[in-house]
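Worksheet: one structure, shown below.
No value in this document is a laboratory result; all are computed from the given coordinates. Values in this document were obtained by computation on a predicted structure and should not be read as measured data. Using ideal geometry, Cβ is built from the backbone for each residue, glycine included, and neighbour counts are taken over all protein chains shown.
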Amino acid sequence: QQKVQQSPESLTVSEGAMASLNCTFSDGTSDNFRWYRQHSGKGLEVLVSIFSDGEKEEGRFTAHLNRASLHVSLHIREPQPSDSAVYLCAMSMTPGTGSNRLTFGKGTKFSLIP
Amino acid sequence: DTTVKQNPRYKLARVGKPVNLICSQTMNHDTMYWYQKKPNQAPKLLLFYYDKILNREADTFEKFQSSRPNNSFCSLYIGSAGLEYSAMYLCASSQMGGHQDTQYFGPGTRLLVL
């Protein structure tokens, strides 16, 4: 079963700095990768979905996937106070291959220093 | 509209008593999921309904029941709550098919068992 390590557990950056969050996973069976964000008291909001090696940009959020290195990352450009939240990486196999479950990391608590 | 609703948002239950949590979605998604999240742990899939077919995870098979009376609603039922059930319960929905199978989450129900 896929295992996911997410780092760091918490991250605080100053306004204007780039923020980088990371996930490593245990095997190459997943081919769908997503980053979710959860503000306090709210549901998980999908930020970026990536399905092949390389990068995928959605506004100020860029995901990088390297399946050979078992690594997916999220970079937040010009973070805003509203970006303060918990960020979770999640991965799954393509539906129809027998598994539709998301395997999550534990999350990174991200905060911005104004 | 990618809205998933959950009721109640907070639930206090006594040990040994039943608990019923409700989820609804208006996106006509064919699949609905229930995840359990405890502090400092990754969300963990408990079960999911694909159309009318219930799939329960092997390690939680005996602990949780679910029903899906129609496409829009799905419940999570605990017959006899124990202290270990205290957690956040997250409902999600998606439309199965291809790798665009994004799961959309509700705000969660925080269950506290005393």
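Worth pointing out:
- Candidate set from region B:17-58 (those that are charged (D, E, K, R) and within 11 Å of chain A (Cβ to nearest Cβ)); member that is surrounded by the most Cβ atoms within 10 Å (Cβ to Cβ): B:Lys37
- Here is the figure for region A:26-43: residues that are in contact (Cβ under 8 Å) with a residue 40 or more places away in the chain and more than 12 Å from the chain's Cα centre (by Cα) total 8.
- Flag for B:Gln65 being among the polar types (S, T, N, Q), more than 15 Å from the chain's Cα centre (by Cα) and surrounded by fewer than 19 Cβ atoms within 10 Å (Cβ to Cβ): no
- When each of A:Ile76, A:Ile50 is tested for being aliphatic (A, V, I, L, M) and in contact with a helix residue (DSSP H, G or I) (Cβ under 9 Å, 6 or more places away or on another chain), the lone residue that passes is A:Ile76.
- Unique residue being aromatic (Phe, Trp, Tyr) and facing chain A (nearest Cβ under 8 Å) when the list is B:Tyr85, B:Tyr104, B:Tyr10: B:Tyr104
- The set of residues in region A:11-56 being within 19 Å of B:Ala42 (Cβ to Cβ), facing another protein chain (nearest Cβ under 8 Å) and of a type in the set (Phe, Trp, Tyr) consists of A:Tyr36 alone.
- Residue match in region A:14-25 (condition: among the acidic types (Asp, Glu), under 21 Å from A:Pro81 (Cβ atoms), surrounded by fewer than 16 Cβ atoms within 10 Å (Cβ to Cβ) and over 13 Å from the mean Cα position of the chain (by Cα)): yes
- No other residue among A:Val13, A:Val46 is of a type in the set (A, V, I, L, M), touching a residue at least 24 places away in the same chain (Cβ under 8 Å) and in contact with a strand residue (DSSP E or B) (Cβ under 7 Å, 6 or more places away or on another chain) apart from A:Val13.
- Test: A:Arg77 is in contact (Cβ under 8 Å) with a residue 24 or more places away in the chain and either of a type in the set (Phe, Trp, Tyr) or crowded, with 20+ Cβ neighbours inside 10 Å (or both): no
- Residue within region A:70-82 that is under 29 Å from B:Asp30 (Cβ atoms) and among the charged types (D, E, K, R) present: no
- Restricting the first member to region B:58-83 and to residues that are without any contact (Cβ under 8 Å) to a residue 60 or more places away in the chain, and the second to residues that are part of a helix (DSSP H, G or I), the beta-carbon pairs closer than 8 Å and six or more apart or on different chains are B:Lys63/B:Tyr85.
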